[in-house]
Amino acid sequence: MQVSVENTSALERRMTIGVPAERIETEVNKRLQQTARKAKIPGFRPGKVPMSVIRQRYEDGARQEALGDLIQATFYEAVVEQKLNPAGAPSVEPKTFEKGKDLEYIATFEVFPEFSVAGFESVSVERLSADVADSDLDNMLEILRKQNVRFEVADRAAANEDQLNIDFVGKIDGEAFAGGSATGTQLVLGSGRMIPGFEDGLVGAKAGEERVLNLTFPEDYQNLELAGKIAEFTVTVNTVSAPTLPELNEAFFNQFGIKETGIEGFRTEVRKNMQRELRQAIKSKLKNQVMDGLLAANPIEVPKALLENEVNRLRVQAVQQFGGNIKPDQLPAELFEEQAKRRVELGLIVAEVVKQFDLKPDDARVREMIQEMASAYQEPEQVVAWYYKNEQQMNEVRSVVLEEQVVDTVLQKASVTDKAVSYEEAVKPVEAPQAD
C-alpha cells in the first residue's frame with residue numbers, strides 16, 4: 001500500500017492511497033467463495049455451483065463490496081501509519097477504479113489541532129464566597145409561598161398579582177392575526193406574560209367589563225411578522241381572582257416531602273437546599289471564568305467537522321426543549337455556531353490539559369459529588385446505589401469531576417481574587433454580553 005499526504009490547510013489533509021490489485025482480487029475471491037457455499041441457482045445443488053457461474057452472477061456486487069471495505073480498512077491503516085488523528089469522516093474520491101488494476105483514491109479530511117495549553121498565569125478569576133443569612137431564608141420561604149398561591153374569585157376591580165380569566169381578539173389593520181385571539185385564558189397581572197401594556201391595561205377592570213387596548217409589538221418580538229406592528233386587542237374580563245398565600249403549616253410543609261416537622265425543621269431543610277444551590281453557583285461561576293481565561297490564552301482553529309456535529313447536536317436539543325413540528329435541520333446553523341464553537345474549543349482545550357497533566361478522575365471526589373446530588377432526595381442511599389450500578393451515569397459524573405480537576409490545575413497558577421458577596425449576588429446568573 002502506497003500513501004502520500006499533502007497539507008492543504010492548517011487542519012485539512014489530502015491523502016492519496018494506492019491499493020495493489022492483488023489485494024483487491026483476494027478480497028473479491030473471498031466474497032465469491034462465501035457466496036458459492038450458500039448460493040441457490042436452479043440446476044445446481046447448493047455448494048456445487050461452478051465458480052464461472054458464480055462470477056458471472058455475483059462478481060460485480062462482490063467487487064463493489066470489496067472496494068468499499070478496502071477503502072475503509074486502508075484509510076484506517078494509512079492514518080495510523082502516518083500518525084494522523086482525523087477529526088471526522090473523510091471525503092473519498094477515486095482516481096483509478098478499473099478491474100485488474102491497482103486502486104488509487106484520494107481521502108480529504110481534517111485532523112485535530114496539535115497544541116499545548118499554556119497561559120495559566122494570564123488567567124484572572126474572582127472567587128466568590130457567601131453565606132445563607134436568615135433574611136435570605138425568609139425571602140426563600142416567601143418565594144415558595146408565592147409559587148403555591150391559590151386564587152379565589154373576588155367581586156372587585158383587578159389589581160396587580162390578581163388572576164384574570166379573559167377572552168381576547170387581536171387585530172392588525174382591522175384583520176385578526178394568527179395567535180392573536182384566545183378564550184378562557186388565565187392571566188396573572190404583572191407576570192409579564194403578554195406584550196408591554198397588555199397587563200397594565202387591565203388593572204382596574206371588573207368581571208364582565210370589556211376593554212380595548214391599542215398596543216405595539218416590541219421591535220425584537222420573536223415572531224418577526226408581528227415585530228414593531230400596532231395591534232388592537234378587544235379584551236373581555238370573565239372573572240377576577242385575588243391571590244391567597246398559603247400558611248406555613250404542616251399541610252404546606254408536606255407538599256415538599258420534608259420529613260422534619262414544624263417550622264424550624266422546614267427552615268433547616270430549605271436552608272440545606274439553598275446552601276447546596278449556593279455551592280453549585282459559586283463553583284459554576286469560578287469554572288466559567290477559568291474556561292474563559294483558557295480560551296483567551298489558547299486560540300485554536302476548530303475542525304469544521306466537529307463544529308458541524310456540535311451545531312447539529314444543539315439543533316436537536318433545541319427541538320427537544322421547545323417542541324413543535326419543526327425538524328432540527330430547519331433551524332438556521334447561525335443560531336448555534338457561536339455556542340458550538342465555544343463548546344468545541346473548550347472540549348479540545350480541556351482534553352489537552354487532562355493529557356498534559358495526566359489527570360484521572362479522583363474516586364473520592366466522584367463519590368462526594370454523587371452524595372451531594374443524592375442529598376436532595378428523600379432516600380439518598382438508594383440514589384447513591386443507583387449511580388454506582390449505572391455505568392453511563394458514573395461516566396458522566398467522572399467527566400464533571402475531571403473538569404473540576406482541570407479548573408483546580410489552572411487555579412494553582414492563575415491570579416485569584418477572593419470576594420465576599422451576598423447570597424443573592426452569588427446565585428444570580430451571569431448576564432450574557434449584549435450584541436452591538
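The values are calculated or read from the model by the stated rules, or taken from the named source; none is laboratory data. From a predicted model like this one, the values you see are computed outputs, not experimental measurements. In this analysis, Cβ positions are derived from the backbone assuming ideal geometry, glycine residues included, and neighbour counts consider all displayed protein chains.
Summed over the range 225-244, residues that are surrounded by 13 or more Cβ atoms within 10 Å (Cβ to Cβ) and in a loop (DSSP other than H, G, I, E, B) total 3. Tallying residues that are under 11 Å from L32 (Cβ atoms) and of a type outside the set (D, E, K, R) within the range 44-58 yields 7.
Within the range 379-399, residues that are not assigned by TED's automatic domain parsing to the domain that holds K360 reach no partner that is part of a helix (DSSP H, G or I) and loosely packed, with under 15 Cβ neighbours inside 10 Å with beta carbons closer than 9 Å at six or more positions or on different chains. Can you name the residue in the range 408-431 that is touching a strand residue (DSSP E or B) at 6+ places or on another chain (Cβ under 9 Å) and in a helix (DSSP H, G or I) and, of all such residues, is nearest to V350 (Cα to Cα)? Selected residue: V410. Tell me yes or no: at least one residue of the range 13-20 is surrounded by fewer than 17 Cβ atoms within 10 Å (Cβ to Cβ) and farther than 16 Å from A78 by Cβ. Scanning the range 13-20 turns up no residue that is surrounded by fewer than 17 Cβ atoms within 10 Å (Cβ to Cβ) and farther than 16 Å from A78 by Cβ.
Here's the yes/no breakdown for (1) aliphatic (A, V, I, L, M); (2) closer than 21 Å to V111 by Cα; (3) outside the structural domain of L411 (by TED's automatic domain parsing):
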{"site": "M291", "(1), (2), (3)": "yes, no, no"}
{"site": "E310", "(1), (2), (3)": "no, yes, yes"}
{"site": "Q317", "(1), (2), (3)": "no, no, yes"}
{"site": "N325", "(1), (2), (3)": "no, no, yes"}
{"site": "R343", "(1), (2), (3)": "no, yes, no"}
{"site": "L346", "(1), (2), (3)": "yes, yes, no"}
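Applying the condition of being over 32 Å from the mean Cα position of the chain (by Cα) and not aliphatic (A, V, I, L, M) to the range 110-144 and asking which residue is farthest from V188 (Cα to Cα) yields D134.
Scanning the range 161-185 for residues that are more than 13 Å from F233 (Cβ to Cβ) and surrounded by 13 or more Cβ atoms within 10 Å (Cβ to Cβ) yields E161, D162, Q163, L164, N165. Among the residues of this structure, A36 counts as one that is hydrophobic (A, V, I, L, M, F, W, C), surrounded by 14 or more Cβ atoms within 10 Å (Cβ to Cβ), in contact with a Gly (Cβ under 8 Å, 6 or more places away or on another chain) and over 27 Å from E301 (Cα atoms).
Screening G265 against (1) farther than 29 Å from Q371 by Cα; (2) assigned to a helix (DSSP H, G or I); (3) touching a Lys or Arg at 6+ places or on another chain (Cβ under 9 Å) leaves a single unmet condition, (1).
The residues of the range 267-306 that are among the acidic types (D, E) and in contact (Cβ under 8 Å) with a residue 24 or more places away in the chain, listed by number, are E277, E301.
One line per residue, one yes/no per condition, for (1) under 45 Å from the mean Cα position of the chain (by Cα); (2) surrounded by 11 or more Cβ atoms within 10 Å (Cβ to Cβ); (3) in contact (Cβ under 8 Å) with a residue 40 or more places away in the chain; (4) not in a loop (DSSP other than H, G, I, E, B):
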{"position": "P46", "(1), (2), (3), (4)": "no, yes, no, no"}
{"position": "V53", "(1), (2), (3), (4)": "no, yes, no, yes"}
{"position": "Q64", "(1), (2), (3), (4)": "yes, yes, no, yes"}
{"position": "Q72", "(1), (2), (3), (4)": "yes, yes, no, yes"}
{"position": "E77", "(1), (2), (3), (4)": "yes, yes, yes, yes"}
{"position": "V92", "(1), (2), (3), (4)": "yes, yes, no, yes"}
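Out of the residues in the range 179-201 that are closer than 10 Å to F168 by Cβ and among the hydrophobic types (A, V, I, L, M, F, W, C), which is nearest to the chain's Cα centre (by Cα)? For the range 179-201, the residue satisfying everything is M194.
One residue stands out in the range 204-224 among those that are surrounded by 11 or more Cβ atoms within 10 Å (Cβ to Cβ) and within 37 Å of the chain's Cα centre (by Cα): the one that is modelled with the lowest pLDDT, namely N223.
For the range 115-142, a residue qualifies if it is assigned to a strand (DSSP E or B) and either not assigned by TED's automatic domain parsing to the domain that holds K419 or not β-branched (V, I, T) (or both), and the qualifying residues are S124, E126, R127, L128, S129. No other residue among E345, E352 is surrounded by 12 or more Cβ atoms within 10 Å (Cβ to Cβ), part of a helix (DSSP H, G or I), touching a Phe, Trp or Tyr at 6+ places or on another chain (Cβ under 7 Å) and modelled with pLDDT of 85 or more apart from E352. For the range 95-114, indicate whether the set of residues that are assigned to a loop (DSSP other than H, G, I, E, B), among the hydroxyl-bearing types (S, T, Y) and either modelled with pLDDT of 95 or more or at negative phi (or both) is non-empty. The answer is no; no qualifying residue exists. The set of residues in the range 70-114 being out of contact with any strand residue (DSSP E or B) (no Cβ under 7 Å at 6 or more places or on another chain) and hydroxyl-bearing (S, T, Y) consists of Y76 alone. Every test in (1) exposed (fewer than 14 other Cβ atoms within 10 Å of the Cβ); (2) in contact (Cβ under 8 Å) with a residue 24 or more places away in the chain is passed by I24 save one, and that test is (1).
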